[in-house]
1. Looking at the range 107-123, which of its residues are assigned to a loop (DSSP other than H, G, I, E, B) and open to solvent by 60 Å² or more (accessible area, probe 1.4 Å)?
2. Just to check your reading of the model, which residue among Pro142, Pro89, Pro126 is touching a Lys or Arg at 6+ places or on another chain (Cβ under 9 Å) and either surrounded by 18 or more Cβ atoms within 10 Å (Cβ to Cβ) or not small (Gly, Ala, Ser) (or both)?
3. Would you mention how many residues in the range 95-106 are within 20 Å of Thr216 (Cβ to Cβ) and open to solvent by 30 Å² or more (accessible area, probe 1.4 Å)?
4. Within the group Asp135, Asp168, which residue is at pLDDT 95 or above, within 30 Å of Glu241 (Cα to Cα) and charged (D, E, K, R)?
5. Any residue that is within 25 Å of Gly239 (Cβ to Cβ), at pLDDT below 95 and either open to solvent by 20 Å² or more (accessible area, probe 1.4 Å) or not in a loop (DSSP other than H, G, I, E, B) (or both) - is there at least one of those in the range 67-77?
6. Which of the residues spanning the range 244-278 are assigned to a helix (DSSP H, G or I), over 10 Å from Trp198 (Cα atoms) and either open to solvent by less than 20 Å² (accessible area, probe 1.4 Å) or in contact with a His (Cβ under 8 Å, 6 or more places away or on another chain) (or both)?
7. Just to check your reading of the model, which residue among Val166, Val205 is among the hydrophobic types (A, V, I, L, M, F, W, C) and more than 15 Å from the chain's Cα centre (by Cα)?
8. For the range 164-177, does any single residue satisfy the condition of being among the small types (Gly, Ala, Ser), over 20 Å from Arg249 (Cβ atoms) and assigned to a loop (DSSP other than H, G, I, E, B)?
Amino acid sequence: MTHRTRPSYQGRPLPRPDDEIVDQGLGFDVSTLITRRRMLRALGLGAATVGLAACGSSTIDAHGTAATGSSSTAAASATAEIPEETAGPYPGDGSNGPDVLEQSGIVRSDLRTSFGGATGTAEGVPMTLELTVTDLANGGAPFAGVAVYVWHCTREGGYSMYSEGVEDENFLRGVQITDAAGVVRYTSIFPACYDGRWPHIHFEVYPDEASITDSTTAIATSQVALPQDVCEVVYAEAGYEASVSNLSRVTLEGDNVFGDDGGASQLGTVTGSVAAGYAVSLTVPVDTTTTPGGATMGGGAPGGSGGPGGPGGSGPGSSGGRAPGGTPPTGTPPTGTPPSGGTGQDADA
């Protein structure tokens with residue numbers, strides 16, 4: 001007895017053998033899409049590849065040690081410009097009140113202590129940050145000699161120079177100049193998760209050190225997203241108590257900065273442990289042939305008081321401040337208090 005061979009496609013039997021490939025139904029189409037994305041990921045191609053790999057940037061073992069995961073994010077993002085993001089309401093670059101970039105001593109690698117007339121030290125789980133800047137206008141070559149300004153919040157969720165209690169400090173802010181390999185490195189502490197935002201680190205890229213005193217000359221403004229599994233381990237440590245509940249209420253996909261693609265090309269790769277400290281790294285492709293579009297939101301303080309947008313600011317997602325070449329924002333800089341773990345106000349930093 002002769003058996004009819006059931007038609008197949010890419011090794012999979014067709015659920016509707018008498019119909020065309022395009023008419024096999026939703027389940028078959030989804031399976032085909034996933035198969036194609038896996039193939040692209042193996043080749044390191046396509047933005048869609050990055051989204052599938054984003055959740056695999058780190059893994060945590062039983063000892064709280066993070067290890068690097070898939071490298072497909074790095075492969076794909078190496079050919080695409082880093083997304084332009086808001087600088088938030090606490091940039092400290094002169095576009096929204098205080099300007100740390102005018103201060104002598106801002107070019108430094110250790111961000112944990114204040115400098116100049118301030119003497120405070122930020123406490124928290126040790127963290128190093130390494131950014132590798134590439135020049136897409138020059139074929140993706142290392143972007144040597146550019147200045148990278150980095151800043152982020154404290155263990156409690158406040159920003160130096162702005163938040164109540166640390167407004168007279170300038171720690172967790174600093175500039176480094178990329179070396180011949182396009183690399184800058186910083187020593188800092190792991191930032192908190194404050195109410196309404198996914199854990200992140202801000203940075204701006206300037207053409208050179210001389211340009212940092214004018215925030216409108218920045219050629220890129222973006223943020224580093226931190227992996228959830230590492231955050232959960234860190235936030236179990238003393239001092240990060242408010243971050244536990246804050247993290248439980250946010251997702252990468254729902255974040256007002258990373259939500260458009262789940263932070264696909266901005267999710268840092270992390271290694272290390274609580275005891276030894278964590279190393280965060282990210283490749284930052286910059287395209288000087290495009291127009292920078294970052295803006296300073298005049299928005300709400302992390303967990304602070306005031307209506308949506310905070311003192312002197314605008315609502316979420318609005319550009320209450322500068323776009324490069326624009327007019328600096330008006331109004332009083334935000335001075336909200338760090339989060340207490342309860343329901344906070346809008347946070348768009």
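The values are calculated or read from the model by the stated rules, or taken from the named source; none is laboratory data. What you see is a predicted model; the values in this text were computed from it and never measured. Cβ: placed from backbone, ideal geometry, glycine included. Neighbour counts: every protein chain shown. Ligands, DNA and RNA are stripped out before the accessible areas are found, and what is left, the full protein with its side chains, is counted by its heavy atoms. Shrake-Rupley method; radii C 1.70, N 1.55, O 1.52, S 1.80 Å.
1. Those that are assigned to a loop (DSSP other than H, G, I, E, B) and open to solvent by 60 Å² or more (accessible area, probe 1.4 Å): Arg112, Gly116, Gly117, Thr119, Glu123.
2. On the way: Pro142 fails: touching a Lys or Arg at 6+ places or on another chain (Cβ under 9 Å); Pro89 fails: touching a Lys or Arg at 6+ places or on another chain (Cβ under 9 Å).
From the options Pro142, Pro89, Pro126, the qualifying one is Pro126.
3. First pass over the range 95-106, keeping only residues within 20 Å of Thr216 (Cβ to Cβ): 95-103, 106.
Checking which are open to solvent by 30 Å² or more (accessible area, probe 1.4 Å) leaves us with 97-99, 102-103.
Selection size over the range 95-106: 5.
4. Details: Asp135 fails: within 30 Å of Glu241 (Cα to Cα).
Asp168 is the lone residue from the list that is at pLDDT 95 or above, within 30 Å of Glu241 (Cα to Cα) and charged (D, E, K, R).
5. Here is the first cut: in the range 67-77, the ones within 25 Å of Gly239 (Cβ to Cβ) are 67.
From the residues that got through so far, the ones that are at pLDDT below 95 too are 67.
Okay, now just the ones that are also either open to solvent by 20 Å² or more (accessible area, probe 1.4 Å) or not in a loop (DSSP other than H, G, I, E, B) (or both), so 67.
Checked the range 67-77: at least one residue is within 25 Å of Gly239 (Cβ to Cβ), at pLDDT below 95 and either open to solvent by 20 Å² or more (accessible area, probe 1.4 Å) or not in a loop (DSSP other than H, G, I, E, B) (or both).
6. none
7. Numbers: Val205 fails: more than 15 Å from the chain's Cα centre (by Cα).
Matching residue, one of Val166, Val205: Val166.
8. Step one: list which residues in the range 164-177 are among the small types (Gly, Ala, Ser), which gives 165, 174.
Filter again for over 20 Å from Arg249 (Cβ atoms), leaving 165, 174.
Of the ones still in play, those that are also assigned to a loop (DSSP other than H, G, I, E, B) are 165.
Scanning the range 164-177 turns up at least one residue that is among the small types (Gly, Ala, Ser), over 20 Å from Arg249 (Cβ atoms) and assigned to a loop (DSSP other than H, G, I, E, B).
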